[in-house]
Structures are given as C-alpha cells and as structure tokens.
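Take a look at the structure set out below.
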Amino acid sequence: MNYNKVICVGRNYAAHAAELNNPIPVEPLLFMKPATALVPFEAPIVVSDREEAVHYELEIAVLIGKTLKNADAVSASTAIDALGLALDLTLRDLQNELKARGEPWEKSKAFDGSCPITRFVPNDGFDLTSLDFRLKINEEIKQQGNSQQMLVPMVELIQYISRHFTIQAGDIILTGTPAGVGQLVAGDKLEVALANHIYERTEVR
C-alpha cells in the first residue's frame, strides 16, 4: 500500500497539553503532513544542518485501509488496517512564533522527513483502548503512554476526522503524544516500542 497524507491530532493527552502550557481543545485539533514527511524510522534523523531546535513527539500511528466519509463507529473501527509508531518532529521555536502570529503550523511540522515511521503491524487482536508505548533516548525513558489516556479515543478520532474531510486508504493518522517531549541532539540513540509488537531504533546526526 502506498502512503498518502498524514493526519495529525494535537493535544490528545492532557499531560502533554499541560507541559506546553496549552489549553485542552474542545474538539480534536487537526493538522496535516504531506507524504514527503514520511521516512523509515531506522533512517538517521539529521539535525546538525538545522539552525532551529528539533523536538520529538512519539505517537501511535494508524494506517487506514479503506475510504471513509462521515463514518460510523463500525466503519471507523474496521478501517484500521494496521498500527505503528511515528515521531512528529517539530521545530518548536518556529511553531511558537507561528502560533503567536495566529498562523498555521505546517512550516514547523510538515517539513521533509518530519515523520519517521516504524513498520506497521496488522490490526489483529489489538485492544485499541489499552496500548502501551514508549520512547527511550540514550537508554532513558523519555515518553511513556497508553492509549487509554487519549482524550478522544482512536475510533472516535477517525469518525471526527471523516466528518470534515475524506480519509483515503493509505492515509496515516497520528493520534497524539503523551508528556515528555523534548529536543533531539546529534549523538542521541532512540528506541521505541509498541506493546510487544514493535521495537525499532534510530540515531540522531
């Protein structure tokens, strides 16, 4: 399957909203990354050629397997073809500047290579309401979350998104990040895990 657009959900974990002093949104906060943002997770993340600080945000990624528009809960649930993990890389200082000016975030979120993504595991027997995931940097746990902490659960997110625009097969939905985001620096060694199904590593250069 070819991947299409990446639909991202902001502030879907209360602790992450709090750590950045952001209010919890009344409705899901949506933004997008183009397919050019996607890179294999194990490819090195290059930050040394950027003046801006690059921050990491680990998220559960949902791969959609069929077209959805105004989906009900059953259609949304059965459209979840596979699950993975992704980093929503963010130029935080630029994002803050854009927010202060009331401008869209894409320049800080949707740049080439801003979405390192693991392999996907078929959605066969997953409990979507209780998925553990974590990020280690240099052997230290930096982010640890469970899908039960989501303010809006996965299936409801898909329903909400499909009311606003068509979701296509090959689209990827990033479902929000838990607390613990921070800056990447050259030399960092990253490890991510999703339950007992995905374990991948990368490094920062």
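Values in this text are rule-based calculations from the coordinates and carry no lab data. Note that the coordinates shown come from a computational prediction; the quantities given were computed from them, not determined experimentally. Glycine gets a Cβ as well: all are built from the backbone with ideal geometry, and neighbour counts include every protein chain shown.
In whole percents, the pair-distance distribution calculated for the range 1-69 from its alpha-carbon pairs, binned every 10 Å from zero, is 14, 40, 35, 11, 0. Counted residue by residue at 0.36 nm each, then reduced by the alpha carbon distance between them, the extension gain from Glu156 to Arg101 reaches 16.7 nm.
Mean-square fluctuations from a GNM of the chain, with a 10 angstrom spring cutoff on Cα atoms, peak among Gly113, Gly65, Gly187 at Gly187. Extending 7 Å from Cα along the Cβ direction at Leu30 and again at Ser77 yields two label points whose distance is 2.2 nm.
With the convex hull drawn over the C-alpha atoms of the chain, the volume per residue is 108 Å³.
Counting other beta carbons within 10 Å of each residue's own, what order do Glu200, Glu59 fall into, fewest first? List each step's numbers first, then the result.
Details: Glu200 18, Glu59 26.
With the sparsest Cβ surroundings first, the list reads Glu200, Glu59.
Each part gets one Cα centre, and for the range 101-149 versus the range 3-47 those centres are 8 Å apart.
Backbone phi angles across the range 39-50, fed through the Karplus curve with coefficients 6.51, -1.76 and 1.60 (θ = phi - 60°), yield HN-Hα couplings of 9, x, 4, 6, 5, x, 8, 9, 10, 5, 9, 10 Hz in residue order; Gly and Pro are listed as x. Under a Gaussian network description of the chain, with springs only between Cα atoms under 10 Å, the residue in Val46, Val74, Val54 that fluctuates furthest is Val74.
Taking amide H as placed 1.01 Å from N in the peptide plane, Met32 has its amide H under 5 Å from the amide H of Cys8, each at least 5 places away in sequence or on another chain.
Between the helical axis of 154-164 and the longest alpha-carbon principal axis of the chain there is an angle of about 80 degrees. Here the Karplus curve 6.51 cos²θ - 1.76 cosθ + 1.60, taken at θ = phi - 60°, turns the phi angles of the range 138-151 into couplings of 6, 6, 9, 5, 9, 9, 8, x, 9, 4, 5, 7, 4, 5 Hz, with x standing for Gly and Pro.
In this structure, Asp49 and Arg201 have a Cβ-Cβ separation that, at R0 = 25 Å, corresponds to a calculated FRET efficiency of about 0.70.
Considering every alpha-carbon pair of the range 102-205, the percent of pairs per 10 Å bin, from zero through the bin containing the longest distance, is 11, 38, 38, 12, 0. Applying the Karplus relation 6.51 cos²θ - 1.76 cosθ + 1.60 with θ = phi - 60° to the range 177-188 yields 3J(HN,Hα) values of 10, x, 5, x, 5, x, 8, 8, 10, 4, x, 4 Hz, where x marks Gly and Pro.
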